[in-house]
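First the structure, in the form of structure tokens, and then the observations on it.
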Amino acid sequence: MTNEPRIIERNALNRLLEVLVQEGYQIVGPTLGEGAIVYGPVQSSEDFPAGWTDEQEGGVYRLKKRADKALFGYVVGPHSWKKYLHPPERRLWTGQANGTDFELTPEPIESTRFAFFGVRSCELHAIEIQDRVFIHDDHVDEDYKARRENAFVVVVQCGQAGKTCFCVSMNTGPKAESGYDLALTEILDEGRHFFHAVAGSPKGAAILQQVEARAATSSDNAEAEETVQKASQQMGRTLDTAGVKELLQENAEHPRWDLVADRCLSCANCTMVCPTCFCSTVEDTTDLTGDHTERWQKWDSCFTMDFSYLHGGSVRASTKSRYRQWLTHKLSSWIDQFGSSGCVGCGRCVTWCPVGIDLTEEVRSIREDKLVPLSSKKEASNGNA
Amino acid sequence: MESVQRQNVMLPSPYRVHRVHRETEDTFTLELTGKDGAAPSEFIPGQFNMLYAFGIGEVPISISGRSESSGGWLQTIREVGTVTRALHRMKRGGVLGLRGPFGTGWPIEEAQGNDIVFMAGGIGLAPLRPALHVVQSKRDQFGEVVLLYGARTPESLLFEKERELWRAKFGVQVKVTVDAAGREWKRNVGVVTSLVERTSFDPDHTVAFICGPEVMMRFSVAELKQSGIPEDKIYISMERNMKCAVGFCGHCQFGPTFICKDGPVFRYDRIRRFLAVREI
Ligand SMILES: Cc1cc2nc3c(=O)[nH]c(=O)nc-3n(C[C@H](O)[C@H](O)[C@H](O)COP(=O)(O)OP(=O)(O)OC[C@H]3O[C@@H](n4cnc5c(N)ncnc54)[C@H](O)[C@@H]3O)c2cc1C
Ligand code: SF4
Ligand code: SF4
Ligand code: FES
């Protein structure tokens, strides 16, 4: 088994999909839908958004035609792979009453083997961040773990970056270095259209072996490297992460939180599109007889009032406190909790915020106008500025 | 918590209500054994369980002790809403769902050889009670033991017989106060913090455990610090909305901590800075 890079021609790409299907994977990847590039089931490479790209800005997402037929010539859409690993809604168990007793039956653990086709580097980091929450912490979410272990990850390296991207700042891209089964780089050049392919695991190598491909030459390798290099030059946003953990903790009463609260609609879009946000709630539904009940786990958001409900009121009643919770969790508490930032710099929360609130801008404002020098502050005051 | 980890951590197990003890108008204690009557596992005083009322929902409730007769866990609950109301309707012999025990407990070993001050507000006496049971079982290993307890009214005071036992038989300085009372009440009226100065302990060798509403705990900490107990000898039990108790749902976050696994019992100096921020 060789780990040398291979070249798969565009017209041989379907063979890779066929092999994945033969190996028992259900392929999901980018498709056109809902006015955006979204993740869904893929049968053949014709389902990929050939010739389309996305244009993004704070509060703006637009599909546009490309001059070429690139399959992966876009950045990222509103979906992330978490919808397959940590689904928006999942039944946890069903319960049946008999007399004063009852029986609870857990939902079978998901056994679908997904092949995620077209994973970006930032997204792979986001998956690894959720792994820390659901697999590597004190308790294990067995359903997540099974989905994760069953998954086959095909990275497609970024050949361009969007105006809301800042993975370079977050050290999460644009090049995926490890953690994948296969990594492809799409290259269109002088009428040629091919994929530079590297296996990142024995599983990936075994699949790659079954696909018609030739060995990559050193100029192919250089071209692949240049492609991601280009993306890294195009970051639309930057975020200075130096000391950001302390910066946010120590500026919990900064007046900037009031300003952002004036604009924030508490709509929770940012948390829904974020590939690392993992919060959930549970809902019990019971039939009319009261004998049959089900518990569902559903994505939840720290922007809702119910989220922090405690005897008769919410702990975070103001929008200010909810936005602060969200941003402080992402960029600061996450580091205490899981040893890494909770943000991978994908830019989704900026693009999909209806009013274009930009976390990089919020951090910059707080940094440039700190209440007090870092680490010299004793205790946060209670008064709002 | 090994056993919890191996199975589906979100699936409640059936427990039987061995007995229901009425405590006050709105507060009751469920005595819970395995469905077959077996005594449940060890727990650390201060830990909690997620109790599930069939078809209604699940809430965090601290373990308030172990029954001497059945060996069952005691869970003392105040009815305040939907799930606690359903739990209040549970009858002897009934079955409920349970996950746990979860969280950190009171570091009683740290108090050994020292004085201990317990401060409780309202239902907050319940999570402290199992720690008092430990003290009671090896009373000679502790110096002065103080229990300061405040409730809304004389009628809402919990565990009277035990408080009397601790006072009379175990040399615990028990002081009680209420917010409001009729003329027949001959004891203290006022906030629990006012009781501190009427007790004796050596602040240089004292560990304090506090449980009650958040405001009560803030004032209690301030008062204890005033009396000379250092911040790193004060422990408090925090409360937040909880949907999972295992670190998945995110609801219980308090600053960078998850109350369900890093707490509910925290050393005060470790969370002081977050307590100072409103709506955190
Ligand atoms: C670690 C911990 C230990 C606790 N120990 C005890 C105890 O020993 N005895 C006792 O009587 N109570 C205890 N509580 C409080 C108890 O969990 C709440 O009173 C209970 O959740 C209220 O639920 P409800 O459905 O009756 O009320 P509702 O007001 O109808 O609640 C609706 C929902 O809000 C949430 N909620 C409301 N209040 C609280 C709250 N105070 N804490 C957490 N979630 C809340 C619950 O998710 C609940 O399902 C404890 C709470 C925590 C966090
Ligand atoms: S916080 Fe925003 S930029 Fe960061 S990972 Fe989440 S959606 Fe992407
Ligand atoms: S920051 Fe934007 S997307 Fe997030 S809750 Fe506020 S308005 Fe909605
Ligand atoms: S209760 Fe769900 S994370 Fe703590």
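Condition check ((1) small (Gly, Ala, Ser); (2) not in a helix (DSSP H, G or I)) across all residues:
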site: A:Ile8; (1), (2): no, yes
site: A:Asn11; (1), (2): no, no
site: A:Leu16; (1), (2): no, no
site: A:Leu20; (1), (2): no, no
site: A:Ile27; (1), (2): no, yes
site: A:Gln43; (1), (2): no, yes
site: A:Asp54; (1), (2): no, yes
site: A:Arg62; (1), (2): no, yes
site: A:Gly77; (1), (2): yes, yes
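Selection of first residues in segment A:265-278 that are closer than 18 Å to A:Cys122 by Cβ and of second residues that are within 15 Å of ligand 4 (Cβ to nearest atom) and in a loop (DSSP other than H, G, I, E, B), restricted to Cβ pairs under 7 Å at least 6 apart or on distinct chains, gives the following pairs, ordered by first then second residue: A:Thr271/A:Cys277; A:Thr271/A:Ser301; A:Thr271/A:Cys302; A:Met272/A:Ser301; A:Thr276/A:Gly342; A:Phe278/A:His86; A:Phe278/B:Gly250.
Identification of helices (runs of 4 or more DSSP H) wholly contained in segment A:79-168 with 2 or more residues that are more than 23 Å from A:Trp352 (Cα to Cα) yields A:121-134, A:142-150. Number of residues in segment B:220-234 that are buried (at least 24 other Cβ atoms within 10 Å of the Cβ) and either outside any helix (DSSP H, G or I) or free of Cβ contacts under 8 Å to residues at least 24 places away in the same chain (or both): the value is 2. Would you call A:Leu331 open to solvent by less than 10 Å² (accessible area, probe 1.4 Å) and more than 10 Å from chain B (Cβ to nearest Cβ)? Criteria met by A:Leu331.
For A:Phe134, the requirement of being open to solvent by less than 10 Å² (accessible area, probe 1.4 Å), more than 16 Å from ligand 3 (Cβ to nearest atom), within 14 Å of chain B (Cβ to nearest Cβ) and at pLDDT 95 or above is met. Determine if segment A:307-315 includes at least one residue that is away from ligand 1 (no atom under 16 Å from the Cβ) and open to solvent by less than 30 Å² (accessible area, probe 1.4 Å). No; the residues of segment A:307-315 include none that is away from ligand 1 (no atom under 16 Å from the Cβ) and open to solvent by less than 30 Å² (accessible area, probe 1.4 Å). Number of residues in segment A:322-363 that are closer than 30 Å to B:Val80 by Cα and touching a residue at least 40 places away in the same chain (Cβ under 8 Å) equals 4.
Looking only at segment B:235-261, filter to residues that are buried (at least 23 other Cβ atoms within 10 Å of the Cβ) and in a helix (DSSP H, G or I); which one of those is farthest from the other protein chains (Cβ to nearest Cβ)? The residue in question is B:Ile259.
Name the single residue, out of those in segment A:277-292 being assigned to a strand (DSSP E or B) and facing another protein chain (nearest Cβ under 8 Å), that is farthest from A:Leu331 (Cα to Cα).
A:Thr286
Note on segment B:77-161: enclosed strands (runs of 3 or more DSSP E) holding 1 or more residues that are more than 25 Å from B:Leu32 (Cα to Cα) are B:115-121, B:145-151. The residues of segment B:193-204 that are of a type outside the set (Ser, Thr, Tyr) and surrounded by 15 or more Cβ atoms within 10 Å (Cβ to Cβ), listed by number, are B:Leu195, B:Val196, B:Phe201, B:Pro203.
When A:Arg91, A:Arg62 are checked against the criterion of being more than 30 Å from A:Gly290 (Cα to Cα) and open to solvent by 60 Å² or more (accessible area, probe 1.4 Å), a single residue qualifies: A:Arg62. So which residues in segment B:70-129 are among the charged types (D, E, K, R) and within 14 Å of another protein chain (Cβ to nearest Cβ)? Those that are among the charged types (D, E, K, R) and within 14 Å of another protein chain (Cβ to nearest Cβ): B:Arg78, B:Glu79, B:Arg85, B:Arg89, B:Lys91, B:Arg92, B:Arg99. Answer yes if at least one residue in segment B:243-255 is over 30 Å from A:Val140 (Cβ atoms) and within 22 Å of the chain's Cα centre (by Cα), and no otherwise. No, every residue in segment B:243-255 fails to be over 30 Å from A:Val140 (Cβ atoms) and within 22 Å of the chain's Cα centre (by Cα). For A:Arg295, the conditions (1) closer than 28 Å to A:Asp54 by Cα; (2) open to solvent by less than 20 Å² (accessible area, probe 1.4 Å); (3) not in a helix (DSSP H, G or I) are fulfilled apart from (1). Just so you know, in segment B:50-75 the residues that are polar (S, T, N, Q) and over 27 Å from A:Asp291 (Cα atoms) include one that is surrounded by the fewest Cβ atoms within 10 Å (Cβ to Cβ), and it is B:Ser69. Selection of segment A:262-276 for residues being within 14 Å of chain B (Cβ to nearest Cβ) and either open to solvent by less than 20 Å² (accessible area, probe 1.4 Å) or more than 11 Å from ligand 3 (Cβ to nearest atom) (or both) yields A:Ala268, A:Thr271, A:Cys274, A:Thr276.
The values are calculated or read from the model by the stated rules, or taken from the named source; none is laboratory data. What you see is a predicted model, and the numbers here were worked out from it, not measured in a lab. Every residue, glycine as well, gets a Cβ built from its backbone with ideal geometry; the counts of neighbours run over all protein chains shown. Surface accessibility is based on the protein's heavy atoms, side chains included, excluding ligands, DNA and RNA. Shrake-Rupley method; radii C 1.70, N 1.55, O 1.52, S 1.80 Å.
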